[in-house]
Amino acid sequence: MTTKLFGEPVQRVEDAKLVTGTAHYLDDLGHEALGVAFVRSPHAHARVTDIDASGALEVDGLVAVYTYDDLPAADEAEGSTVADPLPLLIPHPALHAPRTGYALARDEVNHVGEPVVMVVARDRYLAEDAAERVVVSYDFRTPVVGVAAARDAANAVHDDVPDNVAAYMHQEVGDVEAAMAAAPHRLSLSLDVERSASMPMEGKGVYARWDAADGSMRVYSSTQTSTSVRAAVAARLGLPAGKVDCIAPMVGGGFGVKIMHPWPEEVLVPWAAKRLDREVKWTEDRREHFVSSAHERQQLHEIEVGFDDEGRLLALDVKFWHDNGAYTPYGIIVPIITSTQLLGPYKPGAYRCEWWSLYTNTVIVTPYRGAGRPQGVYAMERTMDAIADRLGLDRAEVRETNFIQPEEMPYDHGLTFQDGRPLIYDSGDFPASLAKLKKLADWDATLAMAEAARAEGRRVGVGLACYVEGTGVGPYEGAHVKVDTAGKVTVATGLTTQGQGHFTSFAQIAADELGVPLSDVEVVTGDTRRFGYAVGTFASRAAVMSGNAIALASRKVRAKALRIAGDALEADPGDLEIVDGHVRVKGSPTSTIPLATVAVLSNPLRYAFDEASKAATQFAVGDTSGPPVADDDEPGLEGTDYYSPVRATFANGMHVVVVETDPDTAEIHVLRYCVVHDCGPLINPLIVEGQVHGGVAQGVGGALYERMHYDENGQLLNASYMDFLMPYASEVPRIEIDHLETPSPLNPLGIKGAGEAGVIPSAAVFAAAIEDAEGFPITRMPISPSELFDLRARHAAGDLPSLHRRPTSQEKS
Amino acid sequence: MTTTDGSAAAEALHAVRLRVNGVWHEARVPARRLLSDFLRHDLRLSGTHVGCEHGVCGACTVLLDGQPVRSCLMLAVGARDHEVTTVEGLGTPDDMHPVQQAFRECHGLQCGFCTPGFLTTAAAFIEENPDPSEDEAREAVSGNLCRCTGYQNIVASVLRAAEIAREDRA
């Protein structure tokens, strides 16, 4: 009997290669390719007045130097559009002033790191030598750095957008003014989050191979979306899409930043490969990644909330200002997500959200794991804590009061989500999740412990935060499943993999559906040669989208296998089952045929190229009354299918953290970290928990360590791993996890996404715990020990009020 | 290396001889050639990865005469006459080193990019400390960055690797 694999903690099949150094990432390919270096702007805002590349010509091994001025002429000669502005990938009616950059800067630069000159040489060392000798002259302009400066608009990033506002959006449900006025209690909060970034261990990279004889291009890219890179490269180079392939090799992490495309380099490297008729490769270095890829998170939020004596929300009025950096190629997905996912598991009463997306002279903003949700959850959960504090209620109790109840599912918020579809929660049992979390974290005992510790003069605090995460957004993913004549199964899906274990979890799904051992299934992702239709890996969508597509395609193959086997075994397909790679009559295990043979029979042959294929040749098959391949059939034991959801499915979770802060140094120590997570049925618990662990670690980094430190000139002061503090093993606490599995009614497998979950509530939960430990409000994240130290001084001086539940002796009197 | 442009001066090359994963290699390299690039692009041992190019992330860690070093901070010429062990030298898919077995068993990796540095670091560590405590295991890998795993399973993998190595010895 084949054991069911769905739900089992199966060891990953991809790991044997990964742990022995035999897997290949982008820079492990193309050792003979020409190397590329870019001259990037050292200024945040300037006009380019002159480029003198003559010094570069002296460098041994130089092949080519390109500036913007080379692009229009090349376009005219070659039918390409490389000189055009880079595409606006996700247009939106609220994005009234979209701006995108150029592959190489044209006239002006708008952030430090923007590519200005491309240098191609025999290898990267020599390309860097040549790039160093290119002299670019600039006419400086005043940079706009940070949300406050952008909002003030004393200076503009783009001359034709004088208020720096790229987008303004307003969504409202109910009458907020009236509900606010009528509310017995009101509170205002101002909350600030700084910039961070995905920061995968492998940066971006692209390697292009032009085949002049065939007129075709093969591009390897460290991307989260190979189909989109293919489409973009084909469009820019003026090539038919069928002449371009894009392959994502092993990818060393993405976390969002590799969903953006085409990066300037993804256009220029294939373009240069074609022009030079040579293999060309560019591998991003770490400093380049800091100053020329993408960041996220910076937003200022102003919240007014009206509530009743039980802490029930009556009116929620949110305004926020989002820093989108220099350009908006990825549109305004991040603030849209904040404005909708802010609501979490709660009924907000009347809700109004207005936001402005602002240009600054800094690196562009595209989704980073969580994608606007951490900010939204921070805004909402800080509001919940403030309400509890004002009313003197338990923080868990106030949340329970506001929960959407399981019997209210599906719950329609009356808003439009990031996929353009209604924000309707499909599933979840928030009271059950909270009950599980309170049990896991020993909520009451932990609160009592913290209180006892504080009574002894220690600074111990507890934080709680809840979130709901829309996952598995459309439009679709697909899969091709094929059983070959050796009985081996190949599953190809177009979305890409950056370490999420798809080679294993997708194989588990296919193996279960087809009744074959896991070892007989091989999964291919992110290779347009193998599957050409896909969207990409983002928004915790891979398992939901491709997982279901693979299940559906496998079911087609299974049905075909049973039909062919039914003919061979002279049995009704309904009486057949597939066990361990053999089709057999239920209850009659001797009446059996291997899937391998079924695959042979599925493809009528004229020639016997091996022993097995003899069974399918024209004098071997019995029935000669009809055509060998029926009118409505196709040869081969294979099938393709797609999964396209009507709307997103909503996962959720809740975290508790217990912290202790040092009374002298203000260092923040984590005593416990507990997670309850609901992503529906788990395909592979080992992998899901790994995803949660990684998310929490990024959350710890985002709450306590990581920030992009721009100075007023737009210089990123900490653009290295030495200065941008990502957590090491010594900074991440032990993570305790429990699961609730409420299935989604929206897809055949009932699953919901898990990829981003761990990171979403971190800023909120740490702010809550530190506030609880210290006794005064925390409103700006991330927070460092020195900032906490300063806040203590301000609190001691009476500049910062205490929490209502912790008045100082003066405040009491 | 050869000069392609008549006027430009090619870099001077230096002879190096070093043993990598038990095999002696001789090559002529520019003085500035990093050991990491030499291993990856000249010897095509691309299992060693480069994450930050300045010695912070530890992805490029290899063993130099058995001791962990950051190959992005060393020049190839500096490894002359030394013995280098990369992740490829620890074990193969069919004959894995205990650290490789343990990382697979404990789901100690996700994207796998940082993993070679953790494996070489852990391999040297369990040689030195065959029966570490959890705190010691955590400390041992606290100079390597991982962006995927949150380190939970990496620490577990180091402990498990030590256990496998002890079993193998017994």
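One table, with the values for the structure above:
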item: Scope region B:47-62; condition surrounded by fewer than 22 Cβ atoms within 10 Å (Cβ to Cβ) and touching a helix residue (DSSP H, G or I) at 6+ places or on another chain (Cβ under 6 Å); matching residues; result: B:Glu53
item: Residue in region B:132-146 that is closer than 13 Å to A:Asp15 by Cβ, buried (at least 24 other Cβ atoms within 10 Å of the Cβ) and in contact with a strand residue (DSSP E or B) (Cβ under 9 Å, 6 or more places away or on another chain) present; result: no
item: Residue check for A:Leu71: of a type outside the set (Gly, Ala, Ser), touching a helix residue (DSSP H, G or I) at 6+ places or on another chain (Cβ under 8 Å) and at pLDDT 95 or above; result: no
item: Neighbours by Cβ (under 7 Å, 6+ apart or cross-chain): first from region B:102-115, at positive phi; second among the charged types (D, E, K, R) and assigned to a loop (DSSP other than H, G, I, E, B); result: B:His107/A:Arg12
item: Residues of region A:759-782 satisfying the condition of being surrounded by 24 or more Cβ atoms within 10 Å (Cβ to Cβ), touching a His at 6+ places or on another chain (Cβ under 7 Å) and more than 21 Å from A:Gly256 (Cα to Cα); result: A:Val765
item: Flag if B:Glu11 is within 11 Å of another protein chain (Cβ to nearest Cβ), on the phi > 0 side of the Ramachandran plot and not polar (S, T, N, Q); result: no
item: Residues within region B:104-147 that are in contact with a Cys (Cβ under 9 Å, 6 or more places away or on another chain) and among the polar types (S, T, N, Q), tallied; result: 3
item: So A:Gly21, is it farther than 30 Å from A:Cys679 by Cβ, crowded, with 20+ Cβ neighbours inside 10 Å and more than 8 Å from chain B (Cβ to nearest Cβ); result: no
item: Scan of region A:232-251 for residues that are free of Cβ contacts under 8 Å to residues at least 60 places away in the same chain and small (Gly, Ala, Ser), ordered by number; result: A:Ala234, A:Ala241, A:Gly242
item: Helices (runs of 4 or more DSSP H) within region A:709-813 that include 2 or more residues in contact with a Ser or Thr (Cβ under 8 Å, 6 or more places away or on another chain), in contact (Cβ under 8 Å) with a residue 24 or more places away in the chain and more than 30 Å from A:Gln405 (Cα to Cα); result: A:762-774, A:785-796
item: Flag for A:Val135 being at pLDDT 95 or above, farther than 29 Å from A:Pro162 by Cβ and within 14 Å of chain B (Cβ to nearest Cβ); result: no
item: Identity of the residue in region A:67-96, in contact (Cβ under 8 Å) with a residue 40 or more places away in the chain and either more than 25 Å from A:Pro240 (Cα to Cα) or surrounded by fewer than 14 Cβ atoms within 10 Å (Cβ to Cβ) (or both), that ends up nearest to the other protein chains (Cβ to nearest Cβ); result: A:Thr67
item: Some residue of region B:80-93 being touching a His at 6+ places or on another chain (Cβ under 8 Å), surrounded by 20 or more Cβ atoms within 10 Å (Cβ to Cβ) and more than 14 Å from B:Leu43 (Cα to Cα); result: yes
item: Subset tally (residues that are touching a Gly at 6+ places or on another chain (Cβ under 9 Å) and more than 9 Å from chain A (Cβ to nearest Cβ)) for region B:65-88; result: 6
item: Residue match in region A:299-308 (condition: closer than 21 Å to A:Lys204 by Cα, in contact (Cβ under 8 Å) with a residue 40 or more places away in the chain and surrounded by 22 or more Cβ atoms within 10 Å (Cβ to Cβ)); result: no
item: Hits in region A:460-489 (condition: in contact with a Ser or Thr (Cβ under 7 Å, 6 or more places away or on another chain), in a strand (DSSP E or B) and crowded, with 22+ Cβ neighbours inside 10 Å); result: A:Val462, A:Glu469, A:Thr471, A:Glu477, A:Gly478, A:Ala479, A:His480, A:Val481
item: Residue check for A:Pro645: surrounded by fewer than 22 Cβ atoms within 10 Å (Cβ to Cβ) and of a type outside the set (Gly, Ala, Ser); result: no
item: Lone qualifier among B:Thr61, B:Thr48 - being in contact (Cβ under 8 Å) with a residue 12 or more places away in the chain and within 8 Å of chain A (Cβ to nearest Cβ); result: B:Thr48
item: Restricting region A:129-150 to residues that are crowded, with 18+ Cβ neighbours inside 10 Å and touching a Leu at 6+ places or on another chain (Cβ under 8 Å), the residue that is nearest to A:Ser339 (Cα to Cα); result: A:Val147
item: Residue count, region B:105-124 (criterion: surrounded by fewer than 24 Cβ atoms within 10 Å (Cβ to Cβ) and either facing chain A (nearest Cβ under 9 Å) or more than 13 Å from the chain's Cα centre (by Cα) (or both)); result: 2
item: Strands (runs of 3 or more DSSP E) lying entirely in region A:289-392 (those with 1 or more residues that are out of contact with any Leu (no Cβ under 9 Å at 6 or more places or on another chain) and hydrophobic (A, V, I, L, M, F, W, C)); result: A:313-325, A:350-359
item: Per-region count, region A:730-758, residues charged (D, E, K, R), within 14 Å of chain B (Cβ to nearest Cβ) and crowded, with 22+ Cβ neighbours inside 10 Å; result: 1
item: Residue satisfying all of: in region A:27-56; farther than 29 Å from A:Asp711 by Cα and either in contact with a Pro (Cβ under 6 Å, 6 or more places away or on another chain) or facing chain B (nearest Cβ under 8 Å) (or both); surrounded by the most Cβ atoms within 10 Å (Cβ to Cβ) among these; result: A:Asp27
item: Of all residues making up region B:84-98, the number that are in contact with a helix residue (DSSP H, G or I) (Cβ under 6 Å, 6 or more places away or on another chain) and within 16 Å of A:Arg12 (Cβ to Cβ); result: 1
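The values are calculated or read from the model by the stated rules, or taken from the named source; none is laboratory data. The structure presented is a predicted model; accordingly, all values stated were derived computationally and were not measured. Glycine gets a Cβ as well: all are built from the backbone with ideal geometry, and neighbour counts include every protein chain shown.
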